[in-house]
1. Restricting the first residue to the range B:99-115 and requiring it to be without any contact (Cβ under 8 Å) to a residue 40 or more places away in the chain, which pairs with a second residue that is part of a strand (DSSP E or B) and aliphatic (A, V, I, L, M) meet a Cβ separation below 8 Å and a spacing of at least six or different chains?
2. Within the range B:498-525, can you find the residues that are surrounded by 21 or more Cβ atoms within 10 Å (Cβ to Cβ) and within 19 Å of B:Ala365 (Cα to Cα)?
3. Which count do you get for residues in the range B:420-431 that are under 25 Å from B:Asp390 (Cβ atoms) and either basic (Lys, Arg) or more than 9 Å from chain A (Cβ to nearest Cβ) (or both)?
4. Condition first: surrounded by fewer than 21 Cβ atoms within 10 Å (Cβ to Cβ) and within 14 Å of chain A (Cβ to nearest Cβ). Now tell me which residues in the range B:261-279 satisfy that.
5. Against the conditions (1) within 20 Å of B:Ala536 (Cβ to Cβ); (2) more than 12 Å from chain A (Cβ to nearest Cβ); (3) of a type in the set (D, E, K, R), where does B:Lys387 fall short? Just the number, please.
6. Return the only residue of A:Thr236, A:Thr244, A:Thr263, A:Thr271 being free of Cβ contacts under 8 Å to residues at least 40 places away in the same chain and of a type in the set (Ser, Thr, Tyr).
7. Do you know which of the residues in the range B:300-325 that are small (Gly, Ala, Ser), touching a helix residue (DSSP H, G or I) at 6+ places or on another chain (Cβ under 8 Å) and surrounded by fewer than 24 Cβ atoms within 10 Å (Cβ to Cβ) is modelled with the highest pLDDT?
8. Could you list, in sequence order, the residues of the range B:438-462 that are within 14 Å of chain A (Cβ to nearest Cβ) and in a strand (DSSP E or B)?
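The values are calculated or read from the model by the stated rules, or taken from the named source; none is laboratory data. On a predicted model such as this, the values are computed, not experimentally measured, just so you know. All Cβ positions, even for glycine, are placed from backbone atoms using ideal geometry, and neighbour counts span all protein chains on display.
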Amino acid sequence: MSEALLVQEAGAAPAVAPASGARLFRRRLRAQRAAFAAALVVLLLVLVALAAPLLTAVAGQDPNTYHPDLVDSAAGGVPIGPFGGISADHWLGVEPQTGRDLFARIVYGARVSLGVALFATVLQITLGLVIGLTAALGSRWVDQLLSRITDINVALPIMVIALALLAIVPETFPRPVLIALVIGGINWAGTSKIVRAQALTLKSLDFVSAARLSGRGKWSIARRELLPSLAAPVITYAALAFPTNIIVEAALSFLGVGIKPPTPSWGQMLTEADTWYQAAPTYLLLPAGLLFVTVLALTVLGEGVRTALDPRAASRLRVGTKRTRAGTKQTRVGTKRTKEDAA
Amino acid sequence: MRQPSVISRRVAAATVTLVLAAGAAACGPGDSKGGDSGSGAEGTPQKGGTLTVLNRNTQQDFDPARLYTSGGGNIPSLVFRTLTTRNREDGADGAQVVPDLATDLGKPNKDATVWTYTLKEGLKYEDGTAITSADIKYGIERSFAPELSGGAPYLRDWLIGGADYQGPYKDKKGLDSIEVPDDRTIVFRLNKPEGEFPFLATQTQTTPVPKAKDTGTKYEEHPVSSGPYKVVTNENDGERLVLERNPHWSAKTDEERKAYPDRIDVRSGLDAAVINQRLSASQGPDAAAVTTDTNLGPAELAKVSSDKKLAARVGTGHFGYTNYIAFNPKVKPFDNPKVRQAISYAVDRSSVINAAGGSSLAEPATTFLPERDSFGHAPYDHFPAGKTGDAAKAKELLKEAGYDKGLTVTLTHSNAKDFETSPEIATALQAALKKAGITVKLQGLEDNDYSDTIHDAKKEPGFFLAHWGADWPSGGPFLAPIFDGRQIVENGANYNTGFLNDPEVNKEIDEINKLTDLKAAAARWGALDKKIGEKALTVPLFHPVYKRLYGQDVKNIVISDWTGVLDVSQVAVK
């Protein structure tokens, strides 16, 4: 995992959010065509996930109904018909061996894949914020303790820990919630490091000192003065962590400790499909392709968010300014400098 | 009563048996009459060449005392001869037991408690020394040594004094219940009638071991051969095993093993997908290759079925094996026979079979005994579910049982990717029972945890997936461990998962064990199975079918109903 890279990229975002706020951010985001397209793709996927029951009802299918008549039992259960049994009833064909409708499983799978990743991201960001802020604002002793815990957390191999945790928790615990808890619960260290570092910088700035001198409490300062300024790096980090979490969920399901059948998730579908790549390629390509598109879209969007929140990169976008062609050169210089900073 | 330590070995039985049996046979359509009719390379088999065996599991503990085999195993049988062995014929004939080192199947006394064997003349080890009955006695005694454990529990259970014997290293006097009046005679004294002793005598524990050459736990590195091949290389505990001709073996004393290739090169530790890929490509040495432990999976079968040339190189066989649903009648609501019957009616065997790999890899089962003559299979279907389940009848029974508003139950299964007790089968059942108003919650356990749980009388779940394989092709080792009330083990590995302790059933088991006429015994086992089936303690789901690829130069494919897989002792590569 590119944990270090994420930290670095998020760190490159400024501590202080652009003064003009949300509207400027939206304009800057829209100015990046790739990010805009990615946002549309993500929006579409989220809509599909939310509307899964509706979509499957329209298709007249159900993700868990077996159709033994649609597979060739004598040939190992390969779907009958071209492209994995695509038909008017089964828009994306059927699953080998069971004959379950792939369209229904894909859209329901989107709910799990996106839902788990979203919940895990929210959890890891929240934990990171709380721990990072506590470390920055607490006494030296608290800071030392939390920072060392964070260091240990960074060093933990997430997959190994997740495998162990998922194997020991009883089956009765709702699986998607558990996976989100595991991913979010052991992956917060990146956020907490950024938050602590930025909060320490901010603490010494005048407006925070002024607030402190006016007698406001620590948590009031944290909420009113620090949090708004931390928004940019944290949102950037979250946008980049979200696709990573989708992959982690898929990997856990692929390793057999993730979502349990019959609930579909893309990762779990990949597991089932891995031996079928020659006999029924669409079965493998559908979840694999969707995972690829989703993660790519989210990553491009995340990159777009980062750029939009970065005042140095913002100049390149020429939003809200009337730069001439000559300004373009300046932008290039600006870009270069950003890279050097990051390095 | 069995000792826990003895019983626990049987846990491994089904799996290990399968693995080793699988090693024995490999190609040719199971129902074909001629041995090589399915082979890609026609013509009379010739001597010579090297046969390569591509396997997943290593030939570990290659010591006749430690191997757990059905009928002497596949590769082990090339090196180890036994008192009796399996008939190396296609199909049902191959499920018969025939003499090997002995001149006949053994002479029982009147109540089948004393068995006497006479050895053939001119039997020799790989060093040319003569094989004596004392060596067979010593070989069996070794298998009682704790450091050489691994074999089946039967000898310990059946021989007088077997339960307490600790092997020849600790007890120099030996086991009194095995007598050797002269060099060619051996007598076994059993503590109860066992008409199927000739089947037990096929296991590698009856292989002669010369006492002077015994090196204890190191014997497995170079066991002294009595068969057509001797071990020349044994690397990494059987990961690579190279066998070459044993010049002192004579076909005159061995009617079963053909031994065509000059050399056999066993390479293990390979991935199943790699093995099947190499066998289908059949390039270089792989053209003369077989596997003794890897079946085609559903997806691989789908690919092979679409290629006629490849499909001609697939051997099909049946091993005595049943996959079933087991109930624990101590757990509610499965104490109610009507609930168990309702589930029996509701199962959809078509979708279960599809989940297991389709109709080519599994056959629907309504009887507990496999559908082979040697088991004495008597057809019955007490709770006819048809192809896809009878939801209406199931609902009716549930109503009678007081569950007219539906029922929620938990089905325990393993998370192993084996298409047997795995999640695919469980979800197929879940979907079928839903139609009958039964909501099934799935409880998947990690594989080891799963077998520990279902075989622990105290932890056993109420409703779970199970399977059973035969130690030899007869009703005895199939029914007795599961349904004999005296085999219920409260502390330790219990296989009587339905806790059936019916005096009539127990008595009939004892009566059948007295029979030395194996055909008559088979018929009685079949009738007993039919009777036990009425109790609905299990729901038989399917019997697996083995399909395996072999290389294009491989000839003389023999697949018996004993092992269900190609017999390496029959294969030729020229």
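1. Every condition considered, the pairs that remain are B:Thr103/B:Leu119.
2. B:Gly498, B:Ala522, B:Trp525
3. 4
4. B:Asp271, B:Ala272, B:Ala273, B:Val274, B:Gln277
5. Single failed check for B:Lys387: (2).
6. Details: A:Thr236 fails: free of Cβ contacts under 8 Å to residues at least 40 places away in the same chain; A:Thr244 fails: free of Cβ contacts under 8 Å to residues at least 40 places away in the same chain; A:Thr263 fails: free of Cβ contacts under 8 Å to residues at least 40 places away in the same chain.
Only one candidate passes the filter, namely A:Thr271.
7. Checking each candidate, the answer is B:Ala311.
8. B:Thr439, B:Val440, B:Lys441, B:Leu442, B:Gln443, B:Gly444, B:Leu445
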